[in-house]
Protein chains: 2
Amino acid sequence: MSSHQWSRREFGTAVAGIFGASLLPRLAHAQPAPRWALPNVNGARLNAHLEQLHAFGKNPQGGVSRVAYTDADRDARVLVQQLLRDAKLDVSIDAAGNIIGRRAGSDPSRPCIIIGSHIDSVPEGGNYDGQVGSMGAIEVAQTLGEAGITTRHPLEVVIWQNEEGGLWGSHAATAVLTEAELNTVSRSGKTIREGITFLGGDPAHLERTRRAKGSVAAYLELHIEQGGTLDQQKQQIGVVEGIVGIKQWEVTITGFANHAGTTAMGERRDAMLTAARFTEMVNRVIRATPGRQVGTVGRIQAFPGAPNVIPGKVVLTLEIRDLDGKKIDAMFARIKAESTKVGAMNDTAFEFHQFTDNIPAPTDLRIRAMVAASARELGLSHITLPSGAGHDAQDLAQICPVGMIFVPSLKGISHAPAEYSAPEDITNGANVLLHTLLKVDAAF
Amino acid sequence: MSSHQWSRREFGTAVAGIFGASLLPRLAHAQPAPRWALPNVNGARLNAHLEQLHAFGKNPQGGVSRVAYTDADRDARVLVQQLLRDAKLDVSIDAAGNIIGRRAGSDPSRPCIIIGSHIDSVPEGGNYDGQVGSMGAIEVAQTLGEAGITTRHPLEVVIWQNEEGGLWGSHAATAVLTEAELNTVSRSGKTIREGITFLGGDPAHLERTRRAKGSVAAYLELHIEQGGTLDQQKQQIGVVEGIVGIKQWEVTITGFANHAGTTAMGERRDAMLTAARFTEMVNRVIRATPGRQVGTVGRIQAFPGAPNVIPGKVVLTLEIRDLDGKKIDAMFARIKAESTKVGAMNDTAFEFHQFTDNIPAPTDLRIRAMVAASARELGLSHITLPSGAGHDAQDLAQICPVGMIFVPSLKGISHAPAEYSAPEDITNGANVLLHTLLKVDAAF
């Protein structure tokens, strides 16, 4: 079986599947791909692997705490390496601590296609975030092997390290980490540098790992939606149009701290009242225009922070996300202008300090069409939607075309023990990943 | 001079001074008190004593950190005892750790009159809060001694301990402290019990200290206003009509924590947005009716408290103060009713847990009239106003008639290094205290 090659006829079929997408209307009348022409993943095995993985960092209340660079993370990565070997891949750990399972392609001159995700979690996270895409990628590779299919491009399954802490593994694989970045202390208490070493990487030689632009043919990632759109709209597959840009600011509101008993209401320069007006105004501005943009005040502290003292200072965070970077900037400009008015109402002042700037990462248009075509040929309902969450795919988007496939999250819950995606949805997602991979392999 | 008695004629004059107050119109035509009839305090000495006191816990940026039960507090209390001895008072420390300077009265059968205040401060507090009234009381006693005046009632100058931490000294002197109260950990890190011992008290025998109802003829306290009313209205003396009641609640708002990127604006149960609407609503409700009531949100925390997570829970404090307890209750009922509406806007819920209930303490009507009359005979402008801050006088109000005299605080600033009262205002206040004391001594 291992000598069997992905035949020219089969490639033709896979490619035909792409063009059902309305994006390419000139080929809309091409013959639909017969479903029997492509193998399907072993859904039972895939979901069993997910079950196996759940044991690492398992919490009594459900879900996992598998924070990057902890023992639970490292132990789970040992299992992952075993699963990759079981799938007949050549396993290695790159200098950045990412796990790589490689399968040769029929044309060694081609750049590789990468499929993958992550297995680290937030503290008290769920059993699906990252894990579905990781086990799905391994399952796809194993299915290919069992079906005796060799892709033209070399195939790499990559399990990135420390996604939740800030996409560190994919970042180290695509960009130059500064000393300051390497010295950043992660949630585990270890620095990024120490964490890389802990996972078997070599932080002193990251250049050996780094992927140059053009060195990767494409990156595909299966992931749970983490939002409620697919679940609400009863859709099986999400064709991700891109990963939103994220800007975050620390907002400092300065008034004057004073005695809450002796200072009349009209004499107060109450920074907390201004913070309240600001928070409501942010909500109003974000919702004032149509679109999927979101704005959040997630953290707040009032100083001095006593029940009997009028806060003289409030520090809070503002976050705005959208697929369109210009829209983020326009909304922020509006918020900033309105802040001045809000602050003037009680003689308080605003300062904004931006501390995050993730630029939007649109997915590749051709790959989007292939994801949609794959869903269609598998008989799966699907819609196009943005990813409101960050993903390793956004780092990869800096060096190659990327595509993402979402499966539904029950009630949109994520980063919590109640996170859930149904086994059949997970299997569907892996099948779409498999079909999309073969289309990309044929077309790129 | 020490054998000189406060003569009957002089008493008559002092008493006449009372009745200028419009509260007692039937005597409004009584002859005004000649100003030369009563001694005045030594303002230079009084302000020099304040300067001396400022050295204890002095901060580089101005003001003092003289937190109760710290070395700065204890050392300052040694100075205070010396000043009391210099003023020819018999000095002792009661079982509760309060400093008492006593002067016999001409009629030993009468209950004592107490004048006093506190010298402990908040962390990074000012040089005037409590300290003006403490040095003022000592100065009044010293002036009486130097003028050869013996009051009918025994006179006690009391420097209460740990006012800022919750009126502990006056509370222990007027009520039974529970074990739980004695085990309360104060800002110093010491329990109240340890603090009392630290200051030379005897927490095992607090019953020796306790003042029964009727055992004190009256309590008078001079204090800085801590608010900006006198300063704004260019008034020299505040006749305090009472100490406001204070109710405080911990308010918990429950929504649902979710991913700030993947959860659309319309699907959010954002507890922070509700907290913002609540804070603005509190401000609106408090200001909706005329009066001097105040309402404050002074502390707030959002959970989990990350820039990229929609807060599922917010805990904040609500405080309402007014001289009228029923008005506090009515405003809270209104706020609670509106909260239900505010919460329903985005499917969030409110819980209120009350943790403070200080009942309002009105001052004695007769003493108010005497304070006003004293100001008038001294040629000082004066208005009647409530105390928005808590004071030891509110504990004393449980066992005897009380009166309070305010002097202006520059710009209303208090509990901060910039706290300031002018030396001449402080001297005026001490003179009003002296005159009021003599009127009370004559009339009670």
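The values are calculated or read from the model by the stated rules, or taken from the named source; none is laboratory data. Just so it is clear, the model here is predicted, and its values are computed rather than measured. Quick reminder, even Gly has a Cβ in these numbers, built from the backbone with ideal geometry, and neighbours come from all protein chains shown.
Looking at B:GLN226, is it at the interface with chain A (Cβ under 9 Å from one of its Cβ atoms), closer than 23 Å to B:GLU319 by Cβ and part of a strand (DSSP E or B)?
Spelling it out, it is not the case that B:GLN226 is at the interface with chain A (Cβ under 9 Å from one of its Cβ atoms), closer than 23 Å to B:GLU319 by Cβ and part of a strand (DSSP E or B).
Could you tell me whether region A:169-192 includes any residue that is of a type outside the set (S, T, N, Q) and within 14 Å of chain B (Cβ to nearest Cβ)?
As a first pass, look at region A:169-192 and keep what is of a type outside the set (S, T, N, Q): A:169, A:171-173, A:175-177, A:179-182, A:185, A:187, A:189-190, A:192.
In the following step, the residues that additionally are within 14 Å of chain B (Cβ to nearest Cβ) were identified as A:187.
Yes, region A:169-192 contains a residue that is of a type outside the set (S, T, N, Q) and within 14 Å of chain B (Cβ to nearest Cβ).
Scanning for something closer than 18 Å to B:VAL309 by Cα and within 12 Å of chain B (Cβ to nearest Cβ), does region A:393-403 turn up at least one residue?
Scanning region A:393-403 turns up no residue that is closer than 18 Å to B:VAL309 by Cα and within 12 Å of chain B (Cβ to nearest Cβ).
State which residue is farthest from the other protein chains (Cβ to nearest Cβ) when the search covers only region B:295-320 and only residues that are among the charged types (D, E, K, R) and assigned to a strand (DSSP E or B).
Step by step, filter region B:295-320, then rank; the result is B:LYS313.
Among the listed residues A:ALA141, A:ALA147, which satisfies the condition of being more than 23 Å from the chain's Cα centre (by Cα) and not acidic (Asp, Glu)?
A:ALA147
Return yes or no: is B:ASN346 touching a residue at least 60 places away in the same chain (Cβ under 8 Å), in contact with a strand residue (DSSP E or B) (Cβ under 9 Å, 6 or more places away or on another chain), surrounded by fewer than 23 Cβ atoms within 10 Å (Cβ to Cβ) and within 11 Å of chain A (Cβ to nearest Cβ)?
Spelling it out, B:ASN346 is indeed touching a residue at least 60 places away in the same chain (Cβ under 8 Å), in contact with a strand residue (DSSP E or B) (Cβ under 9 Å, 6 or more places away or on another chain), surrounded by fewer than 23 Cβ atoms within 10 Å (Cβ to Cβ) and within 11 Å of chain A (Cβ to nearest Cβ).
Based on what the data block shows, is A:LEU365 surrounded by fewer than 18 Cβ atoms within 10 Å (Cβ to Cβ) and assigned by TED's automatic domain parsing to the domain that holds A:LEU433?
Taking the combined requirement at face value, the residue satisfies it.
Looking at region B:371-392, which of the residues that are under 15 Å from A:GLY261 (Cβ atoms) and of a type in the set (A, V, I, L, M) is nearest to the other protein chains (Cβ to nearest Cβ)?
Per the criteria, the residue is B:ALA389.
Just the residues that are within 18 Å of the chain's Cα centre (by Cα) and either under 16 Å from A:GLN236 (Cα atoms) or away from every other protein chain (no Cβ under 14 Å) (or both), please, taken from region A:412-424.
A:GLY412, A:TYR420, A:SER421, listed by residue number.
Could you please find all residues in region A:161-180 being without any contact (Cβ under 8 Å) to a residue 24 or more places away in the chain and on the phi < 0 side of the Ramachandran plot?
A:THR178, A:GLU179, A:ALA180
Among the candidates A:ARG287, A:ARG211, A:ARG292, single out the residue that is on the phi < 0 side of the Ramachandran plot and buried (at least 21 other Cβ atoms within 10 Å of the Cβ). Show your work before the answer.
Values: A:ARG287 fails: buried (at least 21 other Cβ atoms within 10 Å of the Cβ); A:ARG292 fails: buried (at least 21 other Cβ atoms within 10 Å of the Cβ).
So the residue among A:ARG287, A:ARG211, A:ARG292 that is on the phi < 0 side of the Ramachandran plot and buried (at least 21 other Cβ atoms within 10 Å of the Cβ) is A:ARG211.
Given the residues A:GLY228, A:GLY255, which is the only one that is outside the structural domain of A:MET370 (by TED's automatic domain parsing), out of contact with any Pro (no Cβ under 6 Å at 6 or more places or on another chain) and touching a residue at least 24 places away in the same chain (Cβ under 8 Å)?
The unique qualifying residue is A:GLY255.
Test of understanding: among A:VAL140, A:VAL158, which residue is surrounded by 24 or more Cβ atoms within 10 Å (Cβ to Cβ), touching a residue at least 24 places away in the same chain (Cβ under 8 Å), in a helix (DSSP H, G or I) and aliphatic (A, V, I, L, M)?
Just a single option satisfies the conditions, and that option is A:VAL140.
Restricting the first residue to region B:397-411 and requiring it to be closer than 17 Å to B:ASP231 by Cβ, which pairs with a second residue that is of a type in the set (Asp, Glu) and in a helix (DSSP H, G or I) meet a Cβ separation below 9 Å and a spacing of at least six or different chains?
B:VAL407/B:ASP425; B:PRO408/B:ASP231; B:PRO408/B:ASP425; B:SER409/B:ASP231; B:LEU410/B:ASP231; B:LYS411/B:ASP231
Residue-wise test of (1) among the acidic types (Asp, Glu); (2) in a helix (DSSP H, G or I); (3) closer than 30 Å to A:ASP129 by Cβ; (4) at the interface with another protein chain (Cβ under 7 Å from one of its Cβ atoms).
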| position | (1), (2), (3), (4) |
| --- | --- |
| B:THR252 | no, no, yes, no |
| B:GLY266 | no, yes, yes, no |
| B:THR274 | no, yes, yes, no |
| B:GLY291 | no, no, no, no |
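Out of A:ARG102, A:ARG85, A:ARG110, A:ARG66, I need the residue that is farther than 20 Å from A:GLU194 by Cα and either part of a loop (DSSP other than H, G, I, E, B) or outside the structural domain of A:PRO417 (by TED's automatic domain parsing) (or both). Which one?
Matching residue, one of A:ARG102, A:ARG85, A:ARG110, A:ARG66: A:ARG110.
Of the conditions (1) closer than 30 Å to B:ILE237 by Cβ; (2) among the basic types (Lys, Arg); (3) facing chain A (nearest Cβ under 8 Å), B:ARG368 satisfies every one except a single condition; which number is it?
Evaluating B:ARG368 over (1) closer than 30 Å to B:ILE237 by Cβ; (2) among the basic types (Lys, Arg); (3) facing chain A (nearest Cβ under 8 Å) leaves (3) as the failure.
Is one or more of the residues making up region B:24-42 at pLDDT 50 or above, over 23 Å from B:ALA430 (Cβ atoms) and surrounded by fewer than 20 Cβ atoms within 10 Å (Cβ to Cβ)?
The answer is no, given that none of the residues of region B:24-42 is at pLDDT 50 or above, over 23 Å from B:ALA430 (Cβ atoms) and surrounded by fewer than 20 Cβ atoms within 10 Å (Cβ to Cβ).
Looking only at helices (runs of 4 or more DSSP H) that fall completely inside region A:349-444, which ones have 1 or more residues that are more than 19 Å from A:SER134 (Cβ to Cβ)? Don't jump to the end; show me each part of the working.
Details: elements: A:365-377, A:392-396, A:423-443.
Filter on region A:349-444 gives A:365-377, A:423-443.
What about A:SER117, is it surrounded by 23 or more Cβ atoms within 10 Å (Cβ to Cβ), part of a helix (DSSP H, G or I), touching a strand residue (DSSP E or B) at 6+ places or on another chain (Cβ under 6 Å) and among the polar types (S, T, N, Q)? Spell out how you get there, then give the answer.
On the way: surrounded by 23 or more Cβ atoms within 10 Å (Cβ to Cβ): yes; part of a helix (DSSP H, G or I): no; touching a strand residue (DSSP E or B) at 6+ places or on another chain (Cβ under 6 Å): yes; among the polar types (S, T, N, Q): yes.
No; evaluated as a whole, the condition is false for this residue.
In region A:349-360, what count of residues is obtained for those that are more than 13 Å from chain B (Cβ to nearest Cβ) and either surrounded by 16 or more Cβ atoms within 10 Å (Cβ to Cβ) or within 21 Å of A:GLY228 (Cα to Cα) (or both)?
1
Just to verify a result, which residue in region B:230-272, among those that are closer than 20 Å to B:ALA369 by Cα and β-branched (Val, Ile, Thr), is surrounded by the most Cβ atoms within 10 Å (Cβ to Cβ)?
Here the answer is B:ILE243.
Quick one: is B:SER92 more than 21 Å from B:THR436 (Cβ to Cβ) and assigned to a loop (DSSP other than H, G, I, E, B)?
Working: more than 21 Å from B:THR436 (Cβ to Cβ): yes; assigned to a loop (DSSP other than H, G, I, E, B): no.
No.
Being free of Cβ contacts under 8 Å to residues at least 40 places away in the same chain, more than 27 Å from A:GLU267 (Cβ to Cβ), outside any helix (DSSP H, G or I) and outside the structural domain of B:SER387 (by TED's automatic domain parsing): is that true of B:THR340 here?
no
Name the residues in region B:293-323 that are closer than 23 Å to A:GLY312 by Cα, over 29 Å from the mean Cα position of the chain (by Cα) and small (Gly, Ala, Ser), would you?
B:ALA302, B:GLY305, B:ALA306
Being in contact (Cβ under 8 Å) with a residue 60 or more places away in the chain and out of contact with any Ser or Thr (no Cβ under 9 Å at 6 or more places or on another chain) narrows it down to one residue among A:ASP270, A:ASP322; which is it?
A:ASP322
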